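**Student:** For reference, the structure I am asking about is given below.
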Number of protein chains: 2
Amino acid sequence: MPGPLSFFVAGASGTWRIEEIRQVAGEALPAASNLSVMSTPPEPGCVWVLRGAASNIRYARRDELQALAKRQQGLGREDATAAALIAIRKNDAWWALAQDERRAILEERSRHIAIGLKYLPAVARQLFHARDLGEPFDFLTWFEFAPERSASFDDLLSRLRASEEWSYVEREVEVRLSRAG
Amino acid sequence: MPGPLSFFVAGASGTWRIEEIRQVAGEALPAASNLSVMSTPPEPGCVWVLRGAASNIRYARRDELQALAKRQQGLGREDATAAALIAIRKNDAWWALAQDERRAILEERSRHIAIGLKYLPAVARQLFHARDLGEPFDFLTWFEFAPERSASFDDLLSRLRASEEWSYVEREVEVRLSRAG
């Protein structure tokens, strides 16, 4: 069985304070003050909820997974009090591509996996798949890092956004957070 | 946006008559007389419901998709009055594999795509993904064929079940159907 669903719940309370919601492409998300990451559906009354499933690897080869595993650290590190939620939807042209075509764009030409590797272990992350759930976004990626690594995280984002892969992104919202209280 | 969810609904009525439910591996599914394929959630009172999402290609290369497209025909052909629903769950070992490892087992060593191609256009099919939905099965595949092709369909199933890929299947239920009335 896959991991259970995760719910990213924005509202008036929550363990993360929302510093900024940046509309990168397409429609934004409504403003809210706080966000929680939950493993059960929220009570009614929140501002928005995004759902995603931690799922299986879709592109990385074994050698790439080994390189990632050697460097990566888990979520929840004490000094990682800054976080970001990047919600992305890709266009129909992306989803109509064959597996080898998507892999070639994502890694051979855009270096998505290799770029992410360079920012490990400082920037920890977890990818959630949402497309099969009928959600408004295809992917939610959750990142955690120490606040002094924010510029480094911004650098990671700009490198990915400049890639050929990102030409298929039709909606992107970036939510920047800091651990509340 | 992906195609909407499909609901495979077993109960006392439905456009397909259930001829047999075969428990191939792991737990079976309860007996029922009829099955419908619906695009909206069913009313309460059905015997069981399986959900799946028509999703993007996970393994096939462009050349393989082209070969399939050249030969395949759609669902709903008038003479295709026999159908089958194959529900499969693969084990944790499968899902822990990297993308290149799963592709090598599925196609280079098990010839899953090539074997399916041989039975086109007689056996039309549609794959639905269910794992990210938290369903009891990872995949639902719907097949339609003329009744006189049943032996050919059985042959397709035995070739796939004899493959290395199938050693990762921990639950499989085969529902054989004929168009009702």
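**Student:** Out of A:Gly76, A:Gly45, A:Gly26, report the one residue that is out of contact with any Ser or Thr (no Cβ under 6 Å at 6 or more places or on another chain) and within 17 Å of A:Leu160 (Cβ to Cβ).
**Tutor:** It is A:Gly26.
**Student:** Among the residues in the range B:1-9, are any within 11 Å of chain A (Cβ to nearest Cβ) and of a type in the set (A, V, I, L, M, F, W, C)?
**Tutor:** Yes, there is a match, as at least one residue in the range B:1-9 is within 11 Å of chain A (Cβ to nearest Cβ) and of a type in the set (A, V, I, L, M, F, W, C).
**Student:** May I pose another question? Would you pick out the residues in the range A:39-54 that are in contact with a Gly (Cβ under 8 Å, 6 or more places away or on another chain), within 14 Å of chain B (Cβ to nearest Cβ) and either assigned to a loop (DSSP other than H, G, I, E, B) or of a type in the set (Asp, Glu) (or both)?
**Tutor:** A:Ala54
**Student:** Which of the residues spanning the range B:1-22 are of a type in the set (S, T, N, Q) and farther than 20 Å from B:Gly52 by Cα?
**Tutor:** Residue satisfying the conditions is B:Ser13 alone.
**Student:** Against the condition among the polar types (S, T, N, Q), away from every other protein chain (no Cβ under 14 Å) and in a strand (DSSP E or B), how does B:Ser36 come out, does it pass?
**Tutor:** The answer is yes for B:Ser36.
Let's see how each residue does on (1) among the β-branched types (Val, Ile, Thr); (2) over 26 Å from A:Ala146 (Cβ atoms):
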site	(1), (2)
A:Ala10	no, no
A:Thr15	yes, no
A:Glu19	no, no
A:Leu35	no, no
A:Arg58	no, yes
A:Arg61	no, yes
A:Glu64	no, no
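**Student:** Collect the residues in the range A:69-115 that are among the basic types (Lys, Arg) and closer than 26 Å to A:Val175 by Cβ, keeping them in residue-number order.
**Tutor:** Scanning the range A:69-115 gives A:Arg71, A:Arg77, A:Arg89, A:Lys90, A:Arg102, A:Arg111.
**Student:** In the range A:82-131, which residues are within 11 Å of chain B (Cβ to nearest Cβ), in contact (Cβ under 8 Å) with a residue 60 or more places away in the chain and within 19 Å of B:Asp132 (Cβ to Cβ)?
**Tutor:** Within the range A:82-131, A:Arg89, A:Lys90, A:Trp94, A:Phe128, A:His129, A:Ala130 qualify.
**Student:** Could you check A:Asp79 against (1) touching a residue at least 60 places away in the same chain (Cβ under 8 Å); (2) touching a strand residue (DSSP E or B) at 6+ places or on another chain (Cβ under 8 Å); (3) part of a loop (DSSP other than H, G, I, E, B) and say which number it fails?
**Tutor:** (2)
Read the figures in this text as sums done on the coordinates, not as results from a lab. Keep in mind that this is a model prediction, so the values were computed, not measured. Note that each Cβ is placed from the backbone with ideal geometry, even for glycine, and that neighbours are counted across all protein chains shown.
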